[in-house]
Amino acid sequence: MAKENLQQLRQLIAQSAARMMAEDGISDYAYAKKKAGRQAGALDGDVLPSNAEIEEELKLYNALFLSDEQPENLRELRKNALFTMKLLEKFNPYLTGSVLDGTAGLGSETHIHLFADSLKEVEMFLLNQDIPFETNEKTYRVMNDGKRDKKGEHRKKVPVFSLEMSTGVIKLSVFEVDEIRVATKRAADGSNAERANIQDVKALLA
């Protein structure tokens, strides 16, 4: 296939994946990318766009097609995140992901990091508050011992509580207390993920 055609196909897949993330609430770049690739008949991994390319198309899609709904929806997601963070204040909650960076689509998942002495502590708190949840795990790319080189990066499995809310699913990833200084990586480009505490989210909504 000619180079120009390959680039066009790559962009088409990125646009399709972005549309899925914006409209269907998909937050997993890899899943959206593979699904869009299959629909376009692209089975070669080399044709698939990078996460950063999809993120750019997602921002563009939100601006072009969801300029009215997306900001309003984003505000609702952030308000629900703040409510949840206040409820879980004892676990030092931080908002992260698309609801923080502003790329969240309709029905996007909200990701909040908690820091607790034990998983049981969070579980008992949710049970005592009569908050229904499902449990799972999520793998994060993190920096090991603060090193900046590739060898300093590793993957860490973290327990996750999923809460069903009217605006979508809120995922609570539970880290150990002393991991608050460990930077997780953005799926889009591998840079350190931004995190916002309760005061930061209040400022976003002000």
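Kindly provide the set of residues from region 1-31 that are in contact with a Leu (Cβ under 9 Å, 6 or more places away or on another chain), closer than 27 Å to residue 99 by Cβ and assigned to a helix (DSSP H, G or I), ordered by number.
13, 14, 15, 17, 18, 19, 21, 22, 23 - these are the residues of region 1-31 that are in contact with a Leu (Cβ under 9 Å, 6 or more places away or on another chain), closer than 27 Å to residue 99 by Cβ and assigned to a helix (DSSP H, G or I).
Considering only residues that are modelled with pLDDT under 95 and at positive phi, which ones fall in region 62-101?
Correct list: 97 only.
One residue is enough: does region 167-176 have a residue meeting the conditions more than 19 Å from residue 109 (Cβ to Cβ) and either among the aliphatic types (A, V, I, L, M) or exposed (fewer than 15 other Cβ atoms within 10 Å of the Cβ) (or both)?
Yes: one or more hits.
Would you please list the contacts, defined by Cβ atoms under 7 Å and residues six or more apart or on different chains, that run from a residue in region 168-179 that is more than 30 Å from residue 24 (Cβ to Cβ) to a residue that is among the acidic types (Asp, Glu)?
Short answer, once both residue conditions are applied: 177/117.
It is to be established whether one or more residues within region 81-90 are assigned to a strand (DSSP E or B) and either β-branched (Val, Ile, Thr) or over 19 Å from residue 172 (Cα atoms) (or both).
no
Run residue 59 past the list (1) modelled with pLDDT of 90 or more; (2) basic (Lys, Arg); (3) out of contact with any strand residue (DSSP E or B) (no Cβ under 8 Å at 6 or more places or on another chain) and report the number of the one that doesn't hold.
Only one criterion is unmet by residue 59, namely (1).
Here's the yes/no breakdown for (1) in contact with a Gly (Cβ under 7 Å, 6 or more places away or on another chain); (2) under 28 Å from residue 111 (Cα atoms); (3) surrounded by 14 or more Cβ atoms within 10 Å (Cβ to Cβ):
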{"site": "20", "(1), (2), (3)": "no, yes, yes"}
{"site": "48", "(1), (2), (3)": "yes, yes, yes"}
{"site": "75", "(1), (2), (3)": "no, yes, no"}
{"site": "78", "(1), (2), (3)": "no, yes, yes"}
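Restricting region 94-119 to residues that are part of a loop (DSSP other than H, G, I, E, B) and more than 15 Å from residue 77 (Cβ to Cβ), which is most open to solvent (accessible area, probe 1.4 Å)?
Looking at residues that are part of a loop (DSSP other than H, G, I, E, B) and more than 15 Å from residue 77 (Cβ to Cβ), I get 117.
Would you call residue 61 open to solvent by less than 60 Å² (accessible area, probe 1.4 Å), part of a helix (DSSP H, G or I) and hydroxyl-bearing (Ser, Thr, Tyr)?
Yes, satisfied.
Pairs, please: C-beta under 9 Å, at least 6 apart or cross-chain, first residue closer than 15 Å to residue 89 by Cβ and in region 117-141, second assigned to a loop (DSSP other than H, G, I, E, B) and open to solvent by less than 100 Å² (accessible area, probe 1.4 Å)?
Short answer, once both residue conditions are applied: 122/88; 125/88; 125/131; 126/88; 126/133.
Let me confirm something: among 64, 88, which residue is in contact (Cβ under 8 Å) with a residue 12 or more places away in the chain and either of a type in the set (Phe, Trp, Tyr) or farther than 17 Å from residue 27 by Cβ (or both)?
88
Please go through (1) basic (Lys, Arg); (2) without any contact (Cβ under 8 Å) to a residue 40 or more places away in the chain; (3) more than 24 Å from residue 4 (Cβ to Cβ) for residue 33 and return the number of the only condition it doesn't satisfy.
Result: residue 33 passes all but (3).
The values are calculated or read from the model by the stated rules, or taken from the named source; none is laboratory data. None of these values were measured; they are calculated from a predicted model. Note: ideal-geometry Cβ built from the backbone for every residue, glycine included; neighbour counts use all protein chains shown. Ligands, DNA and RNA are excluded from the accessible area calculation, which covers all protein heavy atoms including side chains. Shrake-Rupley method; radii C 1.70, N 1.55, O 1.52, S 1.80 Å.
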